Amino acid sequence: MTIREQALTGLKWTAGGKLAAQIITWGITLIVIRLLTPEDYGLLAMATVFVAFMLLLAEAGLAPALVQKQELDEASLRQVFAIIILVNLILLAILNLLAPAIAGFFGDERLIPILHVLSLQFLITTAATIPEVLLYRELKFKNLSLIQLTASIAGSVLTLAMAFAGYGVWALVFGNLFGAIWKAVVLNALAPFHLLPKFSLRGMRNFLSFGGNITLSRLLWFFLTQIDVIIVGKLLGKEMLGFYSVAMHLASLPVQRVSVIVSEVAFPVFSKIQNDRELFRSFVLKAIRVLSLIAFPVLWGISSIANEIVLLFLGQKWQSAVLPLQLLTLMMPFRMIANFLPSAINALSRPDIGVKNAFLASIVMPIAFLIGSQWGIVGVALAWVTVYPVVLSINIHRMLCAMELQLRDLFHAITPAVSSATGMYLAVWMMGLLLGEDINQWAKLLIMIATGVMAYGGLTLFFNRQGYQEVMNLVWQK
(Lines give C-alpha, C1' and ligand atoms only; values in the text may rest on other atoms or scores of the structure.)
Protein backbone atom coordinates (compact mmCIF):
# COMPACT_ATOMS: atom_id res chain seq x y z
CA MET A 1 0.00 0.00 0.00
CA THR A 2 1.44 3.41 -1.00
CA ILE A 3 1.79 6.34 1.39
CA ARG A 4 -1.11 8.08 -0.37
CA GLU A 5 -3.34 5.02 0.04
CA GLN A 6 -2.33 4.69 3.69
CA ALA A 7 -3.11 8.37 4.25
CA LEU A 8 -6.53 8.10 2.59
CA THR A 9 -7.36 4.90 4.47
CA GLY A 10 -6.22 6.54 7.69
CA LEU A 11 -8.37 9.59 7.06
CA LYS A 12 -11.41 7.43 6.37
CA TRP A 13 -11.03 5.32 9.47
CA THR A 14 -10.09 8.24 11.70
CA ALA A 15 -12.84 10.47 10.31
CA GLY A 16 -15.39 7.67 10.47
CA GLY A 17 -14.57 6.87 14.05
CA LYS A 18 -14.53 10.52 15.07
CA LEU A 19 -17.81 11.19 13.25
CA ALA A 20 -19.51 8.29 14.97
CA ALA A 21 -18.13 9.42 18.33
CA GLN A 22 -19.15 13.00 17.54
CA ILE A 23 -22.74 12.08 16.78
CA ILE A 24 -23.08 9.99 19.92
CA THR A 25 -21.21 12.31 22.28
CA TRP A 26 -22.85 15.47 20.93
CA GLY A 27 -26.28 13.96 21.50
CA ILE A 28 -25.33 12.93 25.02
CA THR A 29 -23.65 16.29 25.71
CA LEU A 30 -26.79 18.21 24.76
CA ILE A 31 -28.79 16.11 27.22
CA VAL A 32 -26.17 16.52 29.95
CA ILE A 33 -26.06 20.29 29.48
CA ARG A 34 -29.81 20.45 30.11
CA LEU A 35 -29.44 18.32 33.27
CA LEU A 36 -26.51 20.23 34.75
CA THR A 37 -26.10 23.91 35.56
CA PRO A 38 -23.74 26.63 34.30
CA GLU A 39 -22.02 26.46 37.69
CA ASP A 40 -21.23 22.75 37.21
CA TYR A 41 -19.50 23.51 33.92
CA GLY A 42 -17.78 26.49 35.48
CA LEU A 43 -16.32 24.29 38.25
CA LEU A 44 -15.04 21.75 35.74
CA ALA A 45 -13.54 24.51 33.59
CA MET A 46 -11.66 25.88 36.60
CA ALA A 47 -10.26 22.45 37.45
CA THR A 48 -9.36 21.36 33.94
CA VAL A 49 -7.44 24.58 33.24
CA PHE A 50 -4.68 23.32 35.53
CA VAL A 51 -5.08 19.57 34.95
CA ALA A 52 -4.98 19.88 31.18
CA PHE A 53 -2.00 22.24 31.44
CA MET A 54 -0.03 19.67 33.42
CA LEU A 55 -1.13 16.82 31.14
CA LEU A 56 0.71 18.60 28.34
CA LEU A 57 3.89 17.82 30.27
CA ALA A 58 2.96 14.18 30.82
CA GLU A 59 4.73 12.77 27.77
CA ALA A 60 7.38 15.55 27.70
CA GLY A 61 6.91 15.85 23.93
CA LEU A 62 8.58 12.46 23.54
CA ALA A 63 5.64 10.69 21.89
CA PRO A 64 5.80 12.78 18.69
CA ALA A 65 9.60 12.50 18.83
CA LEU A 66 9.24 8.71 18.71
CA VAL A 67 6.75 8.89 15.84
CA GLN A 68 8.91 11.31 13.81
CA LYS A 69 12.12 9.28 14.24
CA GLN A 70 12.96 7.30 11.09
CA GLU A 71 14.90 4.57 12.93
CA LEU A 72 13.89 3.50 16.44
CA ASP A 73 15.49 0.84 18.66
CA GLU A 74 14.35 -1.01 21.76
CA ALA A 75 16.75 0.82 24.07
CA SER A 76 15.32 4.21 23.09
CA LEU A 77 11.77 3.00 23.81
CA ARG A 78 12.81 1.79 27.26
CA GLN A 79 14.57 5.06 28.04
CA VAL A 80 11.61 7.17 26.92
CA PHE A 81 9.28 4.93 28.95
CA ALA A 82 11.38 5.60 32.06
CA ILE A 83 11.30 9.35 31.52
CA ILE A 84 7.51 9.29 31.08
CA ILE A 85 7.08 7.34 34.33
CA LEU A 86 9.20 9.80 36.31
CA VAL A 87 7.55 12.88 34.81
CA ASN A 88 4.03 11.63 35.51
CA LEU A 89 4.74 10.65 39.11
CA ILE A 90 6.17 14.12 39.72
CA LEU A 91 3.13 15.78 38.10
CA LEU A 92 0.75 13.64 40.16
CA ALA A 93 2.42 14.80 43.38
CA ILE A 94 2.55 18.46 42.32
CA LEU A 95 -1.13 18.67 41.37
CA ASN A 96 -2.26 17.13 44.66
CA LEU A 97 -0.03 19.53 46.60
CA LEU A 98 -1.31 22.54 44.63
CA ALA A 99 -5.01 21.62 44.91
CA PRO A 100 -5.72 23.81 47.99
CA ALA A 101 -3.93 26.80 46.41
CA ILE A 102 -5.87 26.41 43.15
CA ALA A 103 -9.15 26.23 45.08
CA GLY A 104 -8.13 29.33 47.02
CA PHE A 105 -7.35 31.21 43.79
CA PHE A 106 -10.88 30.64 42.52
CA GLY A 107 -12.45 30.89 45.97
CA ASP A 108 -14.18 27.48 45.90
CA GLU A 109 -13.13 24.59 48.15
CA ARG A 110 -15.11 22.09 46.04
CA LEU A 111 -12.23 22.14 43.57
CA ILE A 112 -9.90 20.26 45.96
CA PRO A 113 -11.48 16.76 45.72
CA ILE A 114 -12.13 17.29 41.99
CA LEU A 115 -8.43 17.95 41.41
CA HIS A 116 -7.43 14.93 43.52
CA VAL A 117 -9.56 12.62 41.37
CA LEU A 118 -8.49 14.14 38.05
CA SER A 119 -4.82 13.75 39.02
CA LEU A 120 -5.21 9.99 38.45
CA GLN A 121 -4.94 10.71 34.74
CA PHE A 122 -1.17 10.95 35.15
CA LEU A 123 -1.01 7.29 36.14
CA ILE A 124 -3.11 6.41 33.10
CA THR A 125 -0.72 8.29 30.80
CA THR A 126 2.23 6.13 31.85
CA ALA A 127 0.41 3.03 30.63
CA ALA A 128 -1.03 4.46 27.41
CA THR A 129 1.75 6.49 25.76
CA ILE A 130 4.13 3.86 24.33
CA PRO A 131 1.39 1.51 22.97
CA GLU A 132 -0.21 4.48 21.22
CA VAL A 133 3.13 5.51 19.71
CA LEU A 134 3.68 1.99 18.36
CA LEU A 135 0.30 2.03 16.61
CA TYR A 136 0.98 5.45 15.05
CA ARG A 137 4.40 4.37 13.77
CA GLU A 138 2.76 1.42 12.03
CA LEU A 139 -0.01 3.71 10.66
CA LYS A 140 -2.64 1.50 12.35
CA PHE A 141 -5.31 4.18 12.05
CA LYS A 142 -8.19 1.69 12.06
CA ASN A 143 -7.24 0.38 15.51
CA LEU A 144 -6.60 3.87 16.86
CA SER A 145 -9.95 5.09 15.53
CA LEU A 146 -11.91 2.26 17.12
CA ILE A 147 -10.11 2.72 20.44
CA GLN A 148 -10.98 6.42 20.56
CA LEU A 149 -14.57 5.75 19.50
CA THR A 150 -15.23 3.23 22.24
CA ALA A 151 -13.47 5.38 24.84
CA SER A 152 -15.58 8.43 23.93
CA ILE A 153 -18.78 6.42 24.11
CA ALA A 154 -17.85 4.81 27.43
CA GLY A 155 -17.01 8.15 29.05
CA SER A 156 -20.11 9.88 27.69
CA VAL A 157 -22.48 7.11 28.79
CA LEU A 158 -21.11 7.22 32.34
CA THR A 159 -21.42 11.02 32.37
CA LEU A 160 -25.05 10.79 31.26
CA ALA A 161 -25.91 8.12 33.82
CA MET A 162 -24.36 10.11 36.67
CA ALA A 163 -26.01 13.34 35.49
CA PHE A 164 -29.41 11.64 35.58
CA ALA A 165 -28.57 10.35 39.06
CA GLY A 166 -27.96 13.90 40.25
CA TYR A 167 -24.18 13.84 40.76
CA GLY A 168 -23.70 17.29 39.21
CA VAL A 169 -20.12 18.19 38.35
CA TRP A 170 -18.93 14.71 39.38
CA ALA A 171 -20.70 13.29 36.33
CA LEU A 172 -18.30 15.30 34.16
CA VAL A 173 -15.27 14.39 36.29
CA PHE A 174 -15.77 10.63 36.36
CA GLY A 175 -16.92 10.53 32.74
CA ASN A 176 -13.62 12.08 31.60
CA LEU A 177 -11.58 9.77 33.82
CA PHE A 178 -13.40 6.61 32.77
CA GLY A 179 -12.90 7.42 29.08
CA ALA A 180 -9.14 7.75 29.65
CA ILE A 181 -8.99 4.44 31.56
CA TRP A 182 -10.91 2.65 28.82
CA LYS A 183 -8.50 3.97 26.16
CA ALA A 184 -5.41 2.88 28.10
CA VAL A 185 -6.74 -0.64 28.67
CA VAL A 186 -7.63 -1.22 25.01
CA LEU A 187 -4.34 0.29 23.77
CA ASN A 188 -2.40 -2.18 25.88
CA ALA A 189 -4.56 -5.04 24.67
CA LEU A 190 -3.86 -4.22 20.99
CA ALA A 191 -0.24 -3.04 21.29
CA PRO A 192 1.19 -4.48 24.51
CA PHE A 193 4.52 -3.08 25.67
CA HIS A 194 6.17 -5.36 28.21
CA LEU A 195 9.71 -3.99 28.27
CA LEU A 196 11.06 -2.65 31.56
CA PRO A 197 11.99 1.06 31.79
CA LYS A 198 15.66 1.96 31.46
CA PHE A 199 16.63 4.93 33.62
CA SER A 200 19.39 6.46 31.50
CA LEU A 201 19.72 9.67 29.46
CA ARG A 202 22.54 8.41 27.26
CA GLY A 203 21.71 8.99 23.57
CA MET A 204 18.55 10.95 24.46
CA ARG A 205 19.79 14.40 23.41
CA ASN A 206 17.93 14.58 20.08
CA PHE A 207 14.75 13.15 21.61
CA LEU A 208 14.83 15.60 24.50
CA SER A 209 15.57 18.57 22.22
CA PHE A 210 12.69 17.73 19.88
CA GLY A 211 10.38 16.90 22.77
CA GLY A 212 11.36 20.04 24.65
CA ASN A 213 10.37 22.28 21.76
CA ILE A 214 7.10 20.38 21.29
CA THR A 215 6.31 20.64 25.00
CA LEU A 216 7.14 24.34 25.22
CA SER A 217 4.99 25.04 22.18
CA ARG A 218 2.11 23.04 23.65
CA LEU A 219 2.38 24.83 26.99
CA LEU A 220 2.32 28.24 25.36
CA TRP A 221 -0.64 27.34 23.14
CA PHE A 222 -2.45 25.89 26.13
CA PHE A 223 -1.82 29.08 28.05
CA LEU A 224 -3.31 30.98 25.11
CA THR A 225 -6.44 28.83 24.90
CA GLN A 226 -7.01 28.84 28.67
CA ILE A 227 -6.04 32.34 29.73
CA ASP A 228 -9.44 33.60 28.56
CA VAL A 229 -11.08 31.05 30.88
CA ILE A 230 -8.97 32.22 33.81
CA ILE A 231 -9.68 35.88 33.08
CA VAL A 232 -13.44 35.33 32.71
CA GLY A 233 -13.61 33.13 35.83
CA LYS A 234 -11.60 35.58 37.94
CA LEU A 235 -13.10 38.86 36.72
CA LEU A 236 -16.65 37.92 35.69
CA GLY A 237 -17.52 34.99 37.99
CA LYS A 238 -18.54 31.33 37.76
CA GLU A 239 -21.89 31.90 36.03
CA MET A 240 -20.43 34.03 33.24
CA LEU A 241 -17.62 31.48 32.90
CA GLY A 242 -20.25 28.79 32.49
CA PHE A 243 -21.89 30.69 29.62
CA TYR A 244 -18.55 31.47 28.02
CA SER A 245 -17.12 27.94 28.39
CA VAL A 246 -20.21 26.36 26.82
CA ALA A 247 -20.08 28.84 23.91
CA MET A 248 -16.38 28.12 23.43
CA HIS A 249 -17.00 24.39 23.77
CA LEU A 250 -19.69 24.39 21.07
CA ALA A 251 -17.62 26.64 18.80
CA SER A 252 -14.37 24.73 19.16
CA LEU A 253 -15.77 21.19 19.22
CA PRO A 254 -15.77 20.82 15.41
CA VAL A 255 -12.28 22.34 15.32
CA GLN A 256 -10.97 19.96 17.94
CA ARG A 257 -12.51 16.92 16.33
CA VAL A 258 -11.43 17.70 12.77
CA SER A 259 -7.99 18.95 13.85
CA VAL A 260 -7.42 15.74 15.78
CA ILE A 261 -8.49 13.66 12.77
CA VAL A 262 -6.15 15.49 10.41
CA SER A 263 -3.22 15.74 12.82
CA GLU A 264 -3.40 12.08 13.83
CA VAL A 265 -3.02 11.08 10.19
CA ALA A 266 -0.95 13.99 8.85
CA PHE A 267 1.97 13.92 11.28
CA PRO A 268 3.00 10.26 10.81
CA VAL A 269 2.35 10.50 7.04
CA PHE A 270 4.34 13.73 6.69
CA SER A 271 7.13 12.14 8.71
CA LYS A 272 7.28 9.33 6.15
CA ILE A 273 7.61 11.74 3.17
CA GLN A 274 9.67 14.49 4.82
CA ASN A 275 12.51 14.07 2.29
CA ASP A 276 10.28 14.49 -0.81
CA ARG A 277 9.59 18.22 -0.59
CA GLU A 278 7.51 18.52 -3.79
CA LEU A 279 5.15 15.75 -2.67
CA PHE A 280 5.18 17.24 0.82
CA ARG A 281 4.01 20.68 -0.38
CA SER A 282 1.39 19.10 -2.61
CA PHE A 283 -0.06 17.20 0.36
CA VAL A 284 -0.11 20.38 2.49
CA LEU A 285 -2.01 22.49 -0.06
CA LYS A 286 -4.46 19.72 -0.82
CA ALA A 287 -5.17 19.26 2.88
CA ILE A 288 -5.79 23.02 3.26
CA ARG A 289 -8.27 22.98 0.36
CA VAL A 290 -10.15 20.03 1.80
CA LEU A 291 -10.15 21.48 5.33
CA SER A 292 -11.45 24.81 4.02
CA LEU A 293 -14.27 23.17 2.09
CA ILE A 294 -15.46 21.52 5.31
CA ALA A 295 -14.55 24.05 8.01
CA PHE A 296 -16.07 27.25 6.66
CA PRO A 297 -19.59 25.96 5.97
CA VAL A 298 -19.81 23.99 9.22
CA LEU A 299 -18.54 26.72 11.53
CA TRP A 300 -20.05 29.72 9.77
CA GLY A 301 -23.24 27.68 9.50
CA ILE A 302 -23.28 27.26 13.28
CA SER A 303 -22.76 31.02 13.61
CA SER A 304 -25.72 31.75 11.35
CA ILE A 305 -28.11 29.61 13.45
CA ALA A 306 -26.50 30.08 16.88
CA ASN A 307 -29.63 31.59 18.41
CA GLU A 308 -31.80 28.66 17.37
CA ILE A 309 -29.20 26.08 18.44
CA VAL A 310 -28.83 27.50 21.93
CA LEU A 311 -32.49 28.15 22.65
CA LEU A 312 -33.83 24.89 21.22
CA PHE A 313 -31.14 22.47 22.35
CA LEU A 314 -29.85 24.03 25.56
CA GLY A 315 -32.79 26.07 26.79
CA GLN A 316 -33.60 29.68 27.61
CA LYS A 317 -31.23 29.73 30.60
CA TRP A 318 -28.28 29.67 28.15
CA GLN A 319 -29.39 32.80 26.23
CA SER A 320 -26.24 34.70 27.26
CA ALA A 321 -24.12 32.18 25.33
CA VAL A 322 -25.68 33.03 21.93
CA LEU A 323 -23.68 36.10 20.89
CA PRO A 324 -20.30 34.70 22.06
CA LEU A 325 -21.06 31.53 20.07
CA GLN A 326 -21.89 33.55 16.96
CA LEU A 327 -18.63 35.48 17.21
CA LEU A 328 -16.31 32.61 18.12
CA THR A 329 -17.45 30.40 15.25
CA LEU A 330 -16.50 33.13 12.75
CA MET A 331 -12.85 32.80 13.76
CA MET A 332 -12.69 29.02 14.12
CA PRO A 333 -12.14 27.97 10.46
CA PHE A 334 -8.89 29.95 10.36
CA ARG A 335 -7.86 28.40 13.65
CA MET A 336 -8.58 24.93 12.24
CA ILE A 337 -6.21 25.55 9.33
CA ALA A 338 -3.56 26.98 11.67
CA ASN A 339 -3.89 23.90 13.90
CA PHE A 340 -3.10 21.62 10.96
CA LEU A 341 0.12 23.28 9.81
CA PRO A 342 2.27 22.36 12.87
CA SER A 343 1.90 18.69 11.87
CA ALA A 344 3.82 19.50 8.71
CA ILE A 345 6.36 21.73 10.44
CA ASN A 346 7.12 19.17 13.14
CA ALA A 347 7.54 16.44 10.53
CA LEU A 348 10.30 18.61 9.01
CA SER A 349 12.03 18.69 12.43
CA ARG A 350 11.19 22.38 12.94
CA PRO A 351 9.25 22.42 16.24
CA ASP A 352 11.12 25.64 17.08
CA ILE A 353 8.77 27.49 14.71
CA GLY A 354 5.82 26.37 16.82
CA VAL A 355 7.51 27.86 19.89
CA LYS A 356 7.95 31.23 18.15
CA ASN A 357 4.31 31.23 17.00
CA ALA A 358 2.98 30.32 20.43
CA PHE A 359 5.19 32.91 22.12
CA LEU A 360 3.82 35.73 19.96
CA ALA A 361 0.20 34.71 20.54
CA SER A 362 0.76 34.30 24.28
CA ILE A 363 2.01 37.87 24.56
CA VAL A 364 -0.64 39.58 22.45
CA MET A 365 -3.88 37.72 23.25
CA PRO A 366 -3.96 37.98 27.08
CA ILE A 367 -3.78 41.77 26.73
CA ALA A 368 -6.65 41.64 24.23
CA PHE A 369 -8.71 39.45 26.59
CA LEU A 370 -8.16 41.78 29.55
CA ILE A 371 -9.28 44.76 27.48
CA GLY A 372 -12.23 42.84 26.04
CA SER A 373 -13.40 41.67 29.48
CA GLN A 374 -14.44 45.25 30.22
CA TRP A 375 -17.44 44.47 27.98
CA GLY A 376 -18.12 41.06 29.49
CA ILE A 377 -17.90 37.71 27.72
CA VAL A 378 -18.94 39.34 24.43
CA GLY A 379 -15.85 41.56 24.64
CA VAL A 380 -13.62 38.52 25.19
CA ALA A 381 -15.18 36.82 22.15
CA LEU A 382 -14.59 39.98 20.10
CA ALA A 383 -10.91 39.85 21.05
CA TRP A 384 -10.72 36.41 19.44
CA VAL A 385 -12.43 37.67 16.26
CA THR A 386 -10.52 40.93 15.79
CA VAL A 387 -7.02 40.43 17.22
CA TYR A 388 -6.33 36.72 16.79
CA PRO A 389 -6.58 36.75 12.95
CA VAL A 390 -3.71 39.27 12.88
CA VAL A 391 -1.58 36.97 15.03
CA LEU A 392 -2.54 34.00 12.87
CA SER A 393 -1.48 35.72 9.66
CA ILE A 394 2.02 36.31 11.05
CA ASN A 395 2.34 32.76 12.37
CA ILE A 396 1.00 31.09 9.24
CA HIS A 397 3.43 33.09 7.09
CA ARG A 398 6.32 31.84 9.21
CA MET A 399 5.22 28.20 8.83
CA LEU A 400 4.62 28.48 5.09
CA CYS A 401 8.10 29.92 4.55
CA ALA A 402 9.63 26.84 6.22
CA MET A 403 7.79 24.69 3.67
CA GLU A 404 8.84 26.99 0.79
CA LEU A 405 5.24 28.17 0.33
CA GLN A 406 3.80 31.69 0.42
CA LEU A 407 0.69 33.36 1.80
CA ARG A 408 -0.73 33.70 -1.70
CA ASP A 409 -0.66 29.89 -1.96
CA LEU A 410 -2.81 29.77 1.18
CA PHE A 411 -5.21 32.46 -0.04
CA HIS A 412 -5.59 30.69 -3.37
CA ALA A 413 -6.39 27.45 -1.52
CA ILE A 414 -9.06 28.88 0.82
CA THR A 415 -10.70 31.62 -1.30
CA PRO A 416 -13.24 29.36 -3.09
CA ALA A 417 -14.50 27.92 0.22
CA VAL A 418 -14.61 31.38 1.87
CA SER A 419 -16.62 32.80 -1.04
CA SER A 420 -19.11 29.94 -0.98
CA ALA A 421 -19.49 30.06 2.81
CA THR A 422 -20.06 33.84 2.74
CA GLY A 423 -22.89 33.40 0.26
CA MET A 424 -24.32 30.61 2.41
CA TYR A 425 -24.24 32.80 5.54
CA LEU A 426 -26.11 35.61 3.79
CA ALA A 427 -28.72 33.18 2.46
CA VAL A 428 -29.37 31.69 5.92
CA TRP A 429 -29.50 35.13 7.55
CA MET A 430 -32.01 36.40 5.00
CA MET A 431 -34.14 33.27 5.38
CA GLY A 432 -34.21 33.79 9.15
CA LEU A 433 -35.44 37.35 8.65
CA LEU A 434 -38.13 36.22 6.21
CA LEU A 435 -39.42 33.50 8.53
CA GLY A 436 -39.62 35.79 11.56
CA GLU A 437 -40.52 34.60 15.05
CA ASP A 438 -44.11 33.47 14.55
CA ILE A 439 -43.18 30.19 12.88
CA ASN A 440 -42.47 27.06 14.92
CA GLN A 441 -38.84 27.34 15.99
CA TRP A 442 -37.96 23.73 15.11
CA ALA A 443 -39.40 24.23 11.63
CA LYS A 444 -37.48 27.49 11.34
CA LEU A 445 -34.22 25.78 12.27
CA LEU A 446 -34.73 22.99 9.73
CA ILE A 447 -35.59 25.46 6.95
CA MET A 448 -32.51 27.56 7.74
CA ILE A 449 -30.27 24.48 7.72
CA ALA A 450 -31.74 23.32 4.41
CA THR A 451 -31.21 26.80 2.97
CA GLY A 452 -27.56 26.74 4.05
CA VAL A 453 -26.93 23.27 2.62
CA MET A 454 -28.47 24.13 -0.75
CA ALA A 455 -26.76 27.53 -0.94
CA TYR A 456 -23.33 26.17 -0.08
CA GLY A 457 -23.73 23.15 -2.35
CA GLY A 458 -24.68 25.29 -5.33
CA LEU A 459 -21.98 27.88 -4.73
CA THR A 460 -19.36 25.17 -4.23
CA LEU A 461 -20.15 23.59 -7.58
CA PHE A 462 -19.75 27.03 -9.15
CA PHE A 463 -16.76 28.48 -7.22
CA ASN A 464 -14.99 25.44 -5.80
CA ARG A 465 -15.34 22.50 -8.15
CA GLN A 466 -11.72 21.47 -7.54
CA GLY A 467 -12.22 21.24 -3.79
CA TYR A 468 -15.44 19.29 -4.28
CA GLN A 469 -13.70 16.83 -6.59
CA GLU A 470 -10.84 16.36 -4.13
CA VAL A 471 -13.27 15.51 -1.34
CA MET A 472 -15.05 13.04 -3.63
CA ASN A 473 -11.70 11.45 -4.47
CA LEU A 474 -10.96 11.10 -0.77
CA VAL A 475 -14.32 9.45 -0.17
CA TRP A 476 -13.90 7.03 -3.06
CA GLN A 477 -10.08 6.82 -2.74
CA LYS A 478 -9.30 7.68 -6.34
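Annotations
- Charge dipole of the chain (Cα centre as origin; +1 on each Lys and Arg Cβ, -1 on each Asp and Glu Cβ, all else neutral): 840 debye, rounded to the nearest 20.
- log10 of Debye I(q)/I(0), alpha-carbon scatterers only, for region 121-280 at 0.08, 0.16, 0.19, 0.20 Å⁻¹: -0.34, -1.27, -1.50, -1.53
- A convex hull fitted around the alpha carbon atoms of region 75-173 yields 104 Å³ per residue.
- For region 119-210, the equivalent ellipsoid built from the Cα gyration tensor has semi-axes of 31, 16, 10 Å, listed from largest to smallest.
- Rounded Å value of the spacing that divides the Cα centres of region 97-136 and region 369-419: 32 Å
- The trypsin sites (Lys or Arg not before Pro) found in region 112-191 include none that occupy coil by DSSP while having at most 12 further C-beta atoms within 10 Å.
- The ellipsoid that matches the Cα gyration tensor of region 210-260 has semi-axes, each √(5λ) in whole angstrom, of 25, 16, 5, with the longest given first.
- Pairwise Cα distances in region 282-428 exceed 22 Å for 47 percent of all pairs.
- Put simply, the convex hull of the Cα atoms in the chain casts, on average, a shadow of 21.9 nm².
- Coarse-grained scattering of region 292-349 at q = 0.17, 0.22, 0.29, 0.30 Å⁻¹, given as base-10 log I(q)/I(0) from a Debye sum over alpha-carbon atoms: -0.61, -0.80, -1.06, -1.09
- Relative to the Cα centre, the charge distribution of region 81-198, modelled as +1 at Lys and Arg Cβ and -1 at Asp and Glu Cβ, gives a dipole magnitude of about 340 debye.
- Gyration tensor (alpha-carbon) shape descriptor, region 216-357, a/c threshold 1.5: oblate
- Here the dipole of region 89-154 is about 260 debye; that uses its Cα centre as origin and unit charges on the Cβ of Lys and Arg (positive) and Asp and Glu (negative).
- Sorted largest first, the spans of the alpha carbon positions of region 365-425 along the three principal axes are 40, 33, 9 Å.
- Inter-label distance for A450 and I31, nm, one decimal - labels placed 7 Å from Cα along Cα-to-Cβ: 2.8 nm
- Per residue accessible area in Å² of the chain, where ligands, DNA and RNA are left out and the probe is 1.4 Å: 44 Å²
- Label-point separation, V385 to R205 (7 Å along Cα→Cβ), nm: 5.1 nm
- For region 340-349, 3J(HN,Hα) computed residue by residue from phi via the Karplus equation (6.51, -1.76, 1.60; θ = phi - 60°) reads 6, 4, x, 4, 6, 4, 5, 5, 8, 6 Hz, glycine and proline entered as x.
- Rounded if a/c under 1.5, otherwise prolate or oblate - region 366-478, Cα gyration tensor axes: oblate
- For the Cα trace of region 20-151, dividing Rg by the Kirkwood Rh returns an Rg/Rh value of 1.04.
- Helix-only CD estimate at 222 nm, as mean residue ellipticity for the chain, using -39500 (n - 2.57) per DSSP H run (n ≥ 4): -29000 deg cm²/dmol
- For the residue pairs K286/K444; K142/K286; K140/K286; K238/K356; K234/K356, alpha carbon separations beyond 26 Å are given by K286/K444; K238/K356; K234/K356.
- Note: region 42-106, Cα convex hull, 71 Å³ per residue.
- Counting only protein heavy atoms and a probe of 1.4 Å, the accessible surface of the chain is 67% carbon and sulfur.
- Area of T451 that stays accessible when all protein chains are in place (1.4 Å probe, Å², to 10): 20 Å²
- For the chain, with +1 on Lys and Arg beta carbons and -1 on Asp and Glu, the positive-most of N88, L360, A75 along the dipole: A75
The values are calculated or read from the model by the stated rules, or taken from the named source; none is laboratory data. Since we're looking at a predicted model, the values are computed, not measured. Methodologically, a virtual Cβ is constructed for each residue, glycine included, from the backbone with ideal geometry; neighbour enumeration extends over all protein chains shown. All accessible areas refer to the heavy atoms of the entire protein, side chains included, with ligands and DNA or RNA removed. Shrake-Rupley method; radii C 1.70, N 1.55, O 1.52, S 1.80 Å.
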